[in-house]
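Beneath this line is the structure, given in structure tokens, with notes to follow.
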Amino acid sequence: MKWRSLAVGLLVGALSLTACGKEGSPGGGGSVVSEPAAADVQVAGSPTFDKIKQRGGVVVGVKDDQPGLGFKDATTGEYSGFDIEVARLVAAKLGYGTDKITFKTVPSAAREDAISRGDVDYYVGTYTINAKRKNSVSFAGPYFVSGQGLLVRKDETAITGKDTLKGKKVCSVTGSTPIQRVQQQQLTEAANIVQFQTYSQCVDQLLNSQVDVLTTDDAILKGYAAQQPDKLKLVGDAFSTEPYGVGLPKDDSALRGKVNDILQASFDDGTWQKIYDGTLGKSGSPASPPKLERY
């Protein structure tokens, strides 16, 4: 299917999903898809899996400010969203149930360092696979494909697409693929590029008229637009292809192969579809599993 035309207009109801896990403590509770922990899992030759076994649980890097994808409830501390469900599925197939998962919020700019240092065992959080990142980490996947879009205030009329960004203040997250694309293609002047650690900070700046536009993957932007449809909107067509992968230590080919097998099985047996339908699919926008490339 044409992923660029994928409309992932998230409903507020998608935020009420019960997938959970608290930063710094084991997760618990329900999930979109109930996956019992597999028994007697072995991943021969994987130092990361050996560390997981010794610890007795998995530490997963995620995002916490992306509605419908990776979102942390400020009151309960629970995590929900499509990426969270994928992370939980991988953990279950590695032999660890929800009570053995610790979600650790890691911002975009720190992902490679967190994986390389072993702060997290793997990372699931709108993590675009690209050549530069593969110099530092490896990827399983992709498990989803999005495209770069633009989020503006509801009354904005001058910005209609990427070719109308000159002279406009463009905001995104430090170290993210979208902000790198804005810089490389010189879509606006360097002085007009504003970077923060989280997308929610950009949203605040946008609502306060401190910046003119937020750019990142349209799946993320539509989540924010759905939260405040009277104040925010998306404009223009998606202008990139963003394959999301599970970030893994660079030299751990054994674990990468295992996670790829887990993803492929979920594509084939309908589990991926159930996860999508229970999270991003709440928007009413259909999607199918992407083709696994086994990076």
### Message
Run the reach check for residue 104 against lysines, Cα to Cα strictly under 20 Å, same-chain hits fewer than 8 apart removed. What comes back?
### Response
22, 51, 53, 63, 72, 93, 250
### Message
Going by average Cβ density within 10 Å per residue, which order do the peptides 222-228, 139-145 take, highest to lowest?
### Response
139-145, 222-228
### Task
Give, in nm to one decimal, the length gained when the segment between residue 292 and residue 39 is fully stretched (0.36 nm per residue of separation minus the Cα-Cα distance).
88.5 nm
### Query
Once Lys and Arg get +1 and Asp and Glu get -1 on their Cβ, which of 174, 194, 247 lies farthest toward the positive end of the dipole of the range 172-262?
247
### Query
Taking the mean number of other Cβ atoms within 10 Å as a proxy for protection, how do you rank 264-270, 65-71, 126-132 from highest to lowest?
65-71, 126-132, 264-270
### Task
For the range 201-218, just list the computed ³J(HN,Hα) in residue order, Karplus coefficients 6.51, -1.76 and 1.60, θ = phi - 60°, integers in Hz, with x standing in for Gly and Pro.
5, 5, 4, 4, 5, 5, 5, 8, 6, 8, 10, 9, 7, 10, 10, 5, 5, 5
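I want the antiparallel fraction of DSSP beta bridges within the chain, as a percent rounded to 5. Kindly include the intermediate steps, with their values, before the conclusion.
Details: 22 of 35 bridges.
Close to 65 percent.
Which whole-number percentage describes the relative contact order of the chain, with Cα contacts under 8 Å and a sequence gap of 6 or more? Walk me through the numbers on the way to the answer.
Values: 659 pairs, mean separation 85.5, N = 295.
This gives 29 percent for the chain.
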### Query
Per-residue ellipticity at 222 nm for the chain, helices alone: DSSP H runs ≥ 4 residues times -39500 (n - 2.57), over residue total, nearest 500 deg cm²/dmol?
-8000 deg cm²/dmol
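Taking 20 °C and 1.002 mPa s as the conditions, I'd like the Stokes-Einstein D for the range 138-295 in µm²/s, using the Kirkwood hydrodynamic radius from alpha carbon pairs. Write out the running numbers ahead of the final one.
Values: Rh = 17.0 Å.
This corresponds to a translational diffusion coefficient of 126 µm²/s.
Taking Rh as the Kirkwood radius, which is the inverse of the mean 1/r over Cα pairs, what is the Rg/Rh value for the range 148-235? Don't jump to the answer; show the numbers that get you there.
Numbers: Rg = 11.4 Å, Rh = 12.5 Å.
Checking Rg against Rh, the ratio lands at 0.91.
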## Note on the structure
Computed on Cα atoms, Rg of the range 107-176 relative to 2.2 N^0.38 Å comes out at 1.43
### Task
Please determine, in degrees from 0 to 90 and to the nearest 10, the orientation of helix 253-269 with respect to the longest principal axis defined by the Cα atoms of the chain, where the helix direction is its Cα long axis.
80
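Looking at the range 148-235, what % of its DSSP beta bridges pair antiparallel, to the nearest 5? Mind dumping the intermediate values first?
Numbers: 8 of 14 bridges.
Counting only bridges with both partners in the range 148-235, antiparallel ones make up about 55 percent.
Under 1.5 on a/c is rounded, so check that first for the range 26-100, then, if it is not, pick prolate when a/b is larger than b/c and oblate when it is not; a ≥ b ≥ c are the square roots of the alpha carbon gyration tensor eigenvalues. Before the final figure, lay out each step's value.
Values: a/c = 2.19, a/b = 1.88, b/c = 1.17.
Note, shape of the range 26-100 comes out prolate.
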### Query
How big is D, in µm² s⁻¹, for the range 71-204 by Stokes-Einstein at 10 °C and 1.306 mPa s if Rh is the Kirkwood radius over C-alpha pairs?
93
### Message
Just to check, using Stokes-Einstein with a Kirkwood Rh over alpha carbon pairs, what's the diffusion coefficient of the chain at 20 °C and 1.002 mPa s in µm²/s?
### Response
112
### Query
What residues qualify as long-range amide H neighbours of residue 145, i.e. H under 5 Å apart, gap of 5 or more or another chain, H built at 1.01 Å from N?
244
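Values quoted throughout were computed directly from the atomic coordinates according to the rules given, and no laboratory measurement underlies them. Since the structure is predicted, the reported quantities are computational estimates derived from the model, not experimental observations. All Cβ positions, glycine included, derive from the backbone under ideal geometry; neighbour counts span all protein chains shown.
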